[in-house]
Amino acid sequence: MKFSLQQKMILAFSVVVIVSIGGVVIFANLDSQRQVNRYLTRGGQYGVMGLVEALEDYYEYKGTWSMVGEVADAYSQRHGRKNAHGKASELTLTDQNHVIVWSNAGQVKGEKLTGEMTSRSLEIHSGGQTVGYLVVENGVLQAPDDIAPFVNRLRRAIFLAGGFGILLAIGLAVLVSKYLLEPIKVITSASTQLSTGDFSTRVDIKGNDEIAMLAKTFNQLARNLELAEERKQSLTADAAHELRTPIAVQKAQLEGMLDGVLPLTQKNVLIALQQTNFLSRLVEDLRLLAMADAGEVRLEMRILNIVNLVQQVVAGFQAQAALEGTNLVTVFRPDGEELWIHTDADRVSQILQNLISNALRYGQKGGRILISTRKESAKLVISVQDDGSGIPTTALPHLFERFYRHERARTRENGGSGLGLAISKKLALLLGGDLSGANSPEGGAVFSLELPIRNT
């Protein structure tokens with residue numbers, strides 16, 4: 001049998017209440033009986049002391065214990081009652097030598113009382129001397145005869161109060177559980193909507209308690225899923241757009257040559273090949289991004305000299321830079337020091353290639369590109385700075401968005417696929433570092449790759 005959370009809360013609360021109130025009822029019942037017995041004990045003691053006073057008066061008047069039995073019997077009949085256990089009080093009177101002179105407890109008159117009974121006796125005085133002893137066997141005399149009904153009524157009242165308390169507590173448990181679980185029901189309903197793909201679902205629960213924090217977390221999750229869905233749709237649309245144009249150009253070029261509209265020349269074939277190459281790069285970039293998003297990019301981490309790596313990457317661009325009249329300058333700080341780090345050489349090279357390629361594309365023709373490497377605390381920073389016109393302010397927040405191109409990079413010839421920086425950012429994060437872009441105070445754009453230093 002399955003129980004709902006509300007039913008479990010009510011059941012748990014009820015068990016706790018029943019056990020707690022039940023314990024209180026039992027304790028109250030036992031304590032009330034103990035207090036009644038204490039009352040009876042005190043009352044009996046008062047009765048015994050009254051008999052002692054009566055016996056002292058008798059001896060003071062008679063000077064002897066002869067005929068004391070009539071007095072003791074008369075007093076016991078008038079004032080004596082049963083004790084708390086329902087047994088008559090057993091009394092024995094002795095003289096100063098512990099010789100029995102009267103008893104209602106079956107003791108033989110004239111015999112000497114010895115042993116433990118003498119230790120429980122009450123002294124009887126006359127003229128400043130002890131003239132006898134009164135021994136009480138059954139403890140005490142009892143209070144009035146209606147004490148038993150009183151005790152029964154007291155017990156009934158305790159049990160009725162306990163029962164009413166349990167019923168009231170269960171009723172409160174139902175109300176409290178309903179109040180506490182209402183926000184959870186709202187979140188559950190919203191989660192069901194969210195699971196159907198309605199990422200606009202939100203819950204409105206105020207407060208600072210755990211449930212309110214859960215609601216805030218749910219809303220943040222829904223927002224993240226909504227943004228992810230928007231990015232997915234945008235990526236799909238952008239990818240379709242990026243693929244559509246080169247495919248159309250390639251198709252038109254090939255159909256033109258097949259139909260004889262365009263001559264089968266090296267130039268026309270080269271145009272189609274360029275579009276094929278672009279499509280190949282775009283598909284590969286999309287595949288790499290998908291792998292990075294899924295955490296499936298394999299890293300080959302090893303110890304390497306970052307100075308040698310940077311020099312190798314820069315050497316690969318020297319021919320292109322020479323054709324454009326651009327000077328590639330490398331600076332290593334501190335100068336002459338070998339910088340060894342634990343990283344993936346291929347991924348670092350890929351990032352640097354993207355950054356230098358962008359610098360050549362957007363920097364000033366015939367200008368200078370500065371590639372600097374420096375240590376900052378526990379990280380290594382590799383910066384690529386061009387002397388172009390810089391990054392438009394409106395473009396700065398979107399530098400690493402997929403398929404984003406600012407106005408100067410609208411054409412594919414200048415702007416590539418629009419995925420280079422997004423891929424570089426992803427790879428930098430996977431390497432435990434980061435990639436940032438900004439405008440240099442000296443003019444132009446500067447991109448900085450941060451990598452953690454893990455020395456040998």
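Below is a table of values for the structure above.
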| read-out | value |
| --- | --- |
| Top-ranked residue in the range 411-438 [being closer than 16 Å to residue 361 by Cα and among the aliphatic types (A, V, I, L, M); ranked as modelled with the highest pLDDT] | 421 |
| Selected residue (criterion: surrounded by the fewest Cβ atoms within 10 Å (Cβ to Cβ)) from residues of the range 69-103 that are charged (D, E, K, R) and at pLDDT 70 or above | 70 |
| Top-ranked residue of the range 307-330 - restricted to ones that are among the polar types (S, T, N, Q) and farther than 13 Å from residue 369 by Cβ, ranked as nearest to the chain's Cα centre (by Cα) | 308 |
| Residue among 323, 282, 289, 299 that alone is more than 21 Å from residue 246 (Cα to Cα), of a type outside the set (D, E, K, R) and touching a residue at least 40 places away in the same chain (Cβ under 8 Å) | 299 |
| Unique residue being exposed (fewer than 14 other Cβ atoms within 10 Å of the Cβ) and either outside the structural domain of residue 361 (by TED's automatic domain parsing) or not aliphatic (A, V, I, L, M) (or both) when the list is 325, 256 | 325 |
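The values are calculated or read from the model by the stated rules, or taken from the named source; none is laboratory data. Keep in mind that this is a model prediction, so the values were computed, not measured. Using ideal geometry, Cβ is built from the backbone for each residue, glycine included, and neighbour counts are taken over all protein chains shown.
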